[in-house]
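Here's the structure we're looking at; comments come further down.
The values are calculated or read from the model by the stated rules, or taken from the named source; none is laboratory data. Source: prediction; values computed, not measured. Every residue, glycine as well, gets a Cβ built from its backbone with ideal geometry; the counts of neighbours run over all protein chains shown. What goes into the accessible areas is simple: the full protein's heavy atoms, side chains included, and nothing from ligands, DNA or RNA. Shrake-Rupley method; radii C 1.70, N 1.55, O 1.52, S 1.80 Å.
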Amino acid sequence: KFFVFFESSSLFFFLFFFFFTFVFQHKLSMARNREGLVLVLDVGPAMHSVLPDVEKACSLLLQKKLIYNKYDEVGIVVFGTEETGNELSREIGGYENVMVLRNIRVVDEVVAEHVKQLPRGTVAGDFLDALIVGMDMLIKMYGNAQKGKKRMCLITNAACPTKDPFEGTKDDQVSTIAMKMAAEGIKMESIVMRSNLSGDAHEKVIEENDHLLNLFSSNAIAKTVNVESPLSLLGSLKTRRVAPVTLFRGDLEINPTMKIKVWVYKKVAEERLPTLKMYSDKAPPTDKFAKHEVKIDYDYKVTAESTEVIAPEERIKGFRYGRQVIPISPDQIETLKFKTDKGMKLLGFTEASNILRHYYMKDVNIVVPDPSKEKSVLAVSAIAREMKQINMVAIVRCVWRNGQGNAVVGVLTPNVSERDDTPDSFYFNVLPFAEDVREFPFPSFNKLPSSWKPDEQQQAVADNLVKMLDLAPSAKEEVLKPDLTPNPVLQRFYEYLELKSKSTDAALPPMDETFKRLMEQDPELSSNNKSIMDAFRGSFEVKENPKLKKASKRLLRDKPSGSDDEDNRMITYEPNENKIDMVGDANPIQDFEAMISRRDKNDWTEKAITQMKNLIVKLVENCTDEGDKALECVIALRKGCVLEQQEPKQFNEFLNHLFNLCQERKLSHLLKHFTSKKITLIPKSEAADRFVINHLRFD
């Protein structure tokens with residue numbers, strides 16, 4: 001009995017120790033990955049006009065943390081309030097008009113709501129006092145731990161004066177704060193809103209505050225972003241923390257005897273919607289430990305009616321080759337894989353102009369020298385600077401990991417740093433192989449008639465239109481700058497997810513006005529430049545596009561990817577659909593254009609031209625007025641013949657016939673009307689490859 005008890009006790013202690021170790025490691029892992037963030041927000045009178053935008057930006061930040069980084073911890077400090085409430089003020093005095101709205105703790109739904117109702121301060125706040133309070137909170141909370149994962153985010157207009165220190169200058173004070181931040185591993189972001197500064201803002205105060213914020217960047221891990229619009233504010237506040245992970249650590253081989261140690265990171269990668277998981281509600285409501293997971297199993301059968309399931313060892317992959325299906329076993333597939341050693345190899349250099357922008361295929365990576373290897377830093381810098389000076393790029397072959405099934409060829413573009421503390425590097429883009437390039441045939445603009453090309457006046461109004469819609473005008477913030485422009489699809493998803501967390505019946509809210517500006521042209525810009533828009537519209541013939549019946553798009557099937565037929569797919573029409581097959585009296589021009597645009601048969605163009613000619617003759621013979629309708633039909637017929645590039649002779653002969661008909665019927669007024677509209681034969685310049693008649697004149 002004693003032996004059995006001893007064995008049971010040992011097993012119990014072993015299980016307890018195992019469970020305790022697992023929980024401890026899990027908690028330690030969460031502690032390593034969490035971020036401690038303090039939001040330092042200016043709520044003084046000068047910020048009241050933009051506080052709704054600040055609330056929106058901070059709310060989106062916290063919503064994202066609830067999705068991606070739910071163990072992060074957040075604190076909120078506001079300054080510019082009449083009240084004072086912070087530990088430093090209670091301990092040593094001073095630090096007035098600075099209030100801690102929330103101490104640092106794990107992010108939750110409460111703080112996401114709390115930040116939407118920031119107080120409106122009544123006094124001008126001192127952002128240096130607020131930063132010291134925020135830094136003190138982080139140091140007391142984490143001590144020397146969490147280095148690199150402690151962050152402060154300051155949002156202010158930096159338009160209010162700061163207090164003079166008791167000793168030294170303001171520069172000395174900022175340098176001391178910055179060095180303390182650097183020693184504690186605290187990062188800082190400063191977002192300066194300068195959209196609606198009042199006339200009371202003093203230029204000297206603004207210059208001094210900008211100088212102080214720049215000092216932080218020089219002495220600590222800090223950066224300052226100036227924004228002018230609510231949209232830029234939303235983009236400047238980095239709402240998701242992505243840990244830098246290397247794609248590759250190894251050698252950039254210049255030749256077999258010279259290798260440079262480099263690291264490769266992602267520079268730009270598409271941010272996708274969070275992964276949606278299937279959820280099962282079949283578990284009993286009383287089961288608190290139910291995981292509500294959905295598992296999917298697949299059964300393979302010869303036919304749907306068969307009850308016999310084919311075992312995995314009885315299945316094999318097959319690939320189409322003509323009408324055959326060629327079976328290839330997993331071992332053969334493994335043998336066929338391209339196998340090479342991990343590494344980057346320089347293939348050579350070429351002029352930057354030889355690598356066109358549309359060759360870039362995937363996300364952009366950045367190649368940096370190994371920071372622990374001084375010679376690697378010097379080698380990368382020397383090569384990058386020389387490449388930039390002579391405008392060259394490098395072509396390299398890359399295999400990021402051992403066992404990778406393919407190798408990529410890419411281009412290295414030099415990135416020469418402007419900062420002394422940042423090494424030079426390269427941007428890497430994947431280049432296509434011949435099979436990856438798509439060639440789409442389009443008719444050359446050189447073959448278009450001269451009458452279809454813009455004249456000087458049309459070109460001038462087009463130039464004015466482009467200048468009017470310039471997104472980066474001088475002396476103003478660039479609009480839709482990529483690193484300051486949030487994705488409206490993602491932001492709308494997060495907003496709706498928050499609403500659904502409160503109520504499962506929540507309705508989809510209307511699109512936020514700030515995000516609408518991402519998808520629509522600025523109405524204020526259009527209204528202020530209405531004359532330019534009107535001039536552009538008046539310089540070109542604008543008419544309603546005929547509404548054609550919808551054609552069903554049926555792509556060619558049973559064609560392997562990359563085949564010659566893949567790029568020649570076309571729209572096909574269902575024969576039983578009601579198509580325009582006659583030029584009618586009511587809308588002859590729309591009917592004519594619809595018929596010549598049909599491609600389900602080859603004779604629609606010929607039929608349309610014949611029917612239009614018959615209609616024009618009928619209109620001329622029965623003409624009792626100026627003949628405007630007949631004239632419009634002749635113009636449409638001429639354009640159609642030039643567009644099709646196959647019937648210029650037919651049009652010229654018809655125009656001769658029409659001229660003779662008008663003379664026979666003594667319709668001189670109609671001839672004069674035609675002459676006033678400058679209706680001419682189709683010359684060789686418009687149909688160089690066709691025989692044309694060019695001796696007709698309307699006199």
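Determine whether the stretch 397-413 contains at least one residue that is out of contact with any Phe, Trp or Tyr (no Cβ under 9 Å at 6 or more places or on another chain) and without any contact (Cβ under 8 Å) to a residue 40 or more places away in the chain. Checking the stretch 397-413: not a single residue is out of contact with any Phe, Trp or Tyr (no Cβ under 9 Å at 6 or more places or on another chain) and without any contact (Cβ under 8 Å) to a residue 40 or more places away in the chain.
So which of GLU293, GLU308, GLU313 is open to solvent by 100 Å² or more (accessible area, probe 1.4 Å), more than 30 Å from ALA407 (Cβ to Cβ), assigned to a helix (DSSP H, G or I) and not hydrophobic (A, V, I, L, M, F, W, C)? It would help to see each step written out before you state the result.
Details: GLU293 fails: assigned to a helix (DSSP H, G or I); GLU308 fails: assigned to a helix (DSSP H, G or I).
From the options GLU293, GLU308, GLU313, the qualifying one is GLU313.
The rows are residues; the columns are (1) part of a strand (DSSP E or B); (2) within 22 Å of ALA434 (Cα to Cα).
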{"residue": "THR303", "(1), (2)": "no, no"}
{"residue": "ILE326", "(1), (2)": "yes, no"}
{"residue": "GLU334", "(1), (2)": "no, no"}
{"residue": "GLY348", "(1), (2)": "yes, yes"}
{"residue": "ASN365", "(1), (2)": "yes, no"}
{"residue": "LYS375", "(1), (2)": "no, no"}
{"residue": "VAL380", "(1), (2)": "no, no"}
{"residue": "VAL396", "(1), (2)": "yes, yes"}
{"residue": "ARG401", "(1), (2)": "no, no"}
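Residue pairs whose Cβ atoms lie under 7 Å apart, separated by 6 or more positions or on different chains, with the first residue in the stretch 598-616 and closer than 28 Å to PHE659 by Cβ and polar (S, T, N, Q) and the second modelled with pLDDT under 85 and part of a helix (DSSP H, G or I), are THR605/ILE596; THR605/GLU644. Report yes if some residue within the stretch 426-435 is more than 30 Å from VAL262 (Cβ to Cβ) and surrounded by fewer than 11 Cβ atoms within 10 Å (Cβ to Cβ); otherwise report no. No: zero hits.
Considering (1) assigned to a helix (DSSP H, G or I); (2) open to solvent by 80 Å² or more (accessible area, probe 1.4 Å), the lone condition that SER175 does not fulfil carries the number (2). The sole residue among PRO285, PRO274 that is modelled with pLDDT under 85 and either in a strand (DSSP E or B) or under 30 Å from VAL408 (Cα atoms) (or both) is PRO274.
Report whether or not GLU334 is out of contact with any helix residue (DSSP H, G or I) (no Cβ under 9 Å at 6 or more places or on another chain), open to solvent by 100 Å² or more (accessible area, probe 1.4 Å) and free of Cβ contacts under 8 Å to residues at least 40 places away in the same chain. For GLU334, the condition - out of contact with any helix residue (DSSP H, G or I) (no Cβ under 9 Å at 6 or more places or on another chain), open to solvent by 100 Å² or more (accessible area, probe 1.4 Å) and free of Cβ contacts under 8 Å to residues at least 40 places away in the same chain - is not met. Condition (residue is in contact with a Phe, Trp or Tyr (Cβ under 6 Å, 6 or more places away or on another chain), in contact (Cβ under 8 Å) with a residue 24 or more places away in the chain and assigned to a loop (DSSP other than H, G, I, E, B)) applied to the stretch 417-430: is it met by at least one residue? No, every residue in the stretch 417-430 fails to be in contact with a Phe, Trp or Tyr (Cβ under 6 Å, 6 or more places away or on another chain), in contact (Cβ under 8 Å) with a residue 24 or more places away in the chain and assigned to a loop (DSSP other than H, G, I, E, B). Restricting the stretch 645-699 to residues that are small (Gly, Ala, Ser) and either open to solvent by 20 Å² or more (accessible area, probe 1.4 Å) or in a helix (DSSP H, G or I) (or both), the residue that is modelled with the lowest pLDDT is ALA688.
If only residues of the stretch 348-383 that are exposed (fewer than 11 other Cβ atoms within 10 Å of the Cβ) and more than 29 Å from the chain's Cα centre (by Cα) are counted, the one that is farthest from VAL264 (Cα to Cα) is GLY348.
For the stretch 292-346, the set of residues classified as more than 30 Å from LEU412 (Cβ to Cβ) and among the basic types (Lys, Arg) consists of LYS295, LYS301, ARG315, LYS317, ARG320, ARG323, listed by residue number. The set of residues in the stretch 57-83 that are open to solvent by 30 Å² or more (accessible area, probe 1.4 Å) and out of contact with any helix residue (DSSP H, G or I) (no Cβ under 9 Å at 6 or more places or on another chain) comprises TYR68, LYS70, GLU82, GLU83. Scanning the stretch 295-347 for residues that are modelled with pLDDT of 85 or more and hydroxyl-bearing (Ser, Thr, Tyr), we see that the one that is farthest from TRP263 (Cα to Cα) is TYR300.
Residues of the stretch 90-111 being open to solvent by less than 40 Å² (accessible area, probe 1.4 Å) and either at pLDDT 90 or above or not small (Gly, Ala, Ser) (or both), which ones? Matches in the stretch 90-111: ASN97, VAL98, VAL100, ARG102, ILE104, VAL107, VAL111. The residue list GLY121, GLY125, GLY134 contains one member that is out of contact with any Gly (no Cβ under 6 Å at 6 or more places or on another chain) and either among the aliphatic types (A, V, I, L, M) or open to solvent by less than 30 Å² (accessible area, probe 1.4 Å) (or both), which is GLY134.
Note on the stretch 81-131: residues that are closer than 19 Å to LYS56 by Cβ and among the small types (Gly, Ala, Ser) amount to 2. When residues in the stretch 384-415 are screened for being surrounded by 14 or more Cβ atoms within 10 Å (Cβ to Cβ), among the charged types (D, E, K, R) and closer than 20 Å to ASP341 by Cα, 1 of them pass.
Here LYS140, LYS163 are screened, and the one residue that is touching an Asp or Glu at 6+ places or on another chain (Cβ under 9 Å), loosely packed, with under 14 Cβ neighbours inside 10 Å and not in a loop (DSSP other than H, G, I, E, B) is LYS140. Taking the stretch 490-541 as the range and being open to solvent by less than 90 Å² (accessible area, probe 1.4 Å) and either in contact with a strand residue (DSSP E or B) (Cβ under 9 Å, 6 or more places away or on another chain) or of a type in the set (A, V, I, L, M) (or both) as the test, the residues that pass are LEU490, LEU497, LEU499, ALA506, ALA507, MET511, LEU518, LEU525, ILE532, MET533, ALA535.
Within the stretch 206-227, the set of residues being open to solvent by 30 Å² or more (accessible area, probe 1.4 Å) and in contact with a Pro (Cβ under 9 Å, 6 or more places away or on another chain) comprises GLU208 only.
If you check every pair at least six apart or on different chains, which have Cβ atoms under 7 Å apart with a residue in the stretch 459-488 that is at positive phi first and a residue that is open to solvent by 50 Å² or more (accessible area, probe 1.4 Å) second? Between residues of the stretch 459-488 that are at positive phi and residues that are open to solvent by 50 Å² or more (accessible area, probe 1.4 Å), the close pairs are LEU480/LEU471. Every listed requirement among (1) modelled with pLDDT under 80; (2) surrounded by fewer than 19 Cβ atoms within 10 Å (Cβ to Cβ); (3) of a type in the set (A, V, I, L, M, F, W, C) is met by ILE635 save one, (1). Taking the listed residues VAL466, VAL461, VAL409, the one that is closer than 28 Å to PRO369 by Cα and either out of contact with any Pro (no Cβ under 6 Å at 6 or more places or on another chain) or part of a loop (DSSP other than H, G, I, E, B) (or both) is VAL409, with no other qualifying. Selection over the stretch 102-130 of residues that are among the acidic types (Asp, Glu) and part of a helix (DSSP H, G or I) gives a count of 3.
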